[in-house]
Amino acid sequence: MTDSNYAHMLDQEAALWGRVAEEQAASVPPDWRYHRALRHNVIMHTADIEALLGRVTPGMRALEIGCGAGWLTLALAQRGAHAHGLDISSKAIAIARTYYESIKNEVSGRATYDVADLNAIQLPPEQYDLVVAKGVLHHLVNMDRVIEQLHRTLKPGGLLWVHDT
């Protein structure tokens, strides 16, 4: 694959997930308090996500890759974590940032969001207590390298939580 083909495919992927984020945010705020009631979450995800959130403690440093509009990153911050979300879509990240700004005074932790090509991320060593990858690994073309980066960025004893149906 050439660099220009890869860049084009990346742009298409970002556009797709930007549209998805916009459509979802038009009907449901990007907040677990609302997303947990969505049918697909009730059927397939709520128990696992609640178990994950139950492990979050104030002051934890958390990273979510493929965060979309940021509802899970925000849920981590709502439990006191310093949470950082990465996604390929600038539109999804804009939605996440805007929503967080509107409620940040109600959040005990902190949420930050950045646009990133996950296939090319270079993460600092031993930075995070928790790394979350929900529904994203099957989209990666360089999954082995990404997983190496995720392990590298975990602190000793940290948790890598993967949920990919």
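Kirkwood Rh over Cα pairs of the range 51-115 into Stokes-Einstein at 10 °C, 1.306 mPa s: D in µm²/s?
Approximately 142 µm²/s, per Stokes-Einstein.
Restricting the calculation to Cα positions, tell me the Rg (one decimal) and the Dmax (whole number) of the chain in Å.
That works out to 15.2, 46 Å for Rg and Dmax.
How much length is gained on full extension from Tyr34 to Arg145, taking 0.36 nm per residue of separation minus their Cα-Cα distance?
Length difference between fully extended and current span is 36.6 nm.
Considering only protein heavy atoms, what is the solvent-accessible area of Glu101 at a probe of 1.4 Å, reported in Å² to the nearest 10?
The value for Glu101 is about 100 Å².
For the range 1-139, what does the relative contact order come out to in percent, with C-alpha contacts under 8 Å and a separation of six or more?
RCO, the range 1-139: 26 percent.
Keeping the other protein chains in place, figure out the carbon and sulfur percent of the accessible area of the chain, with a 1.4 Å probe.
Here it works out to 53 percent.
Only Cα pairs under 8 Å and at least 6 apart count here; give the relative contact order of the range 45-122 as a rounded whole percent.
Reported as a whole number, the value is 31 percent.
Roughly speaking, what is the centre-to-centre gap between the range 108-131 and the range 43-90 when only Cα atoms are used, to the nearest Å?
11
With a 1.4 Å probe and every protein chain left in place, work out the accessible area per residue of the chain in Å², rounded to a whole number.
Heavy-atom SASA per residue in the chain reads 51 Å².
Can you give the accessible area of Lys104, probe radius 1.4 Å, in Å² rounded to 10?
So the heavy atoms of Lys104 present about 80 Å² to solvent.
Can you pull out the trypsin sites (Lys or Arg not before Pro) in the range 10-76 that DSSP calls coil and that have at most 14 other Cβ atoms within 10 Å?
Passing both the DSSP loop test and the Cβ count: Arg55.
Going Cα to Cα from Lys134, which aspartates and glutamates come in below 18 Å? Please leave out same-chain ones fewer than 8 positions away.
Correct list for Lys134: Glu13, Asp31, Asp48, Glu50, Glu64, Asp87, Asp114, Asp117, Asp144, Glu148, Asp164.
The values are calculated or read from the model by the stated rules, or taken from the named source; none is laboratory data. Values in this document were obtained by computation on a predicted structure and should not be read as measured data. Neighbour counts are summed over all protein chains in view; Cβ atoms, including those assigned to glycine, are modelled from backbone coordinates with ideal geometry. Accessible surface areas use protein heavy atoms only, side chains included; no ligands, DNA or RNA. Shrake-Rupley method; radii C 1.70, N 1.55, O 1.52, S 1.80 Å.
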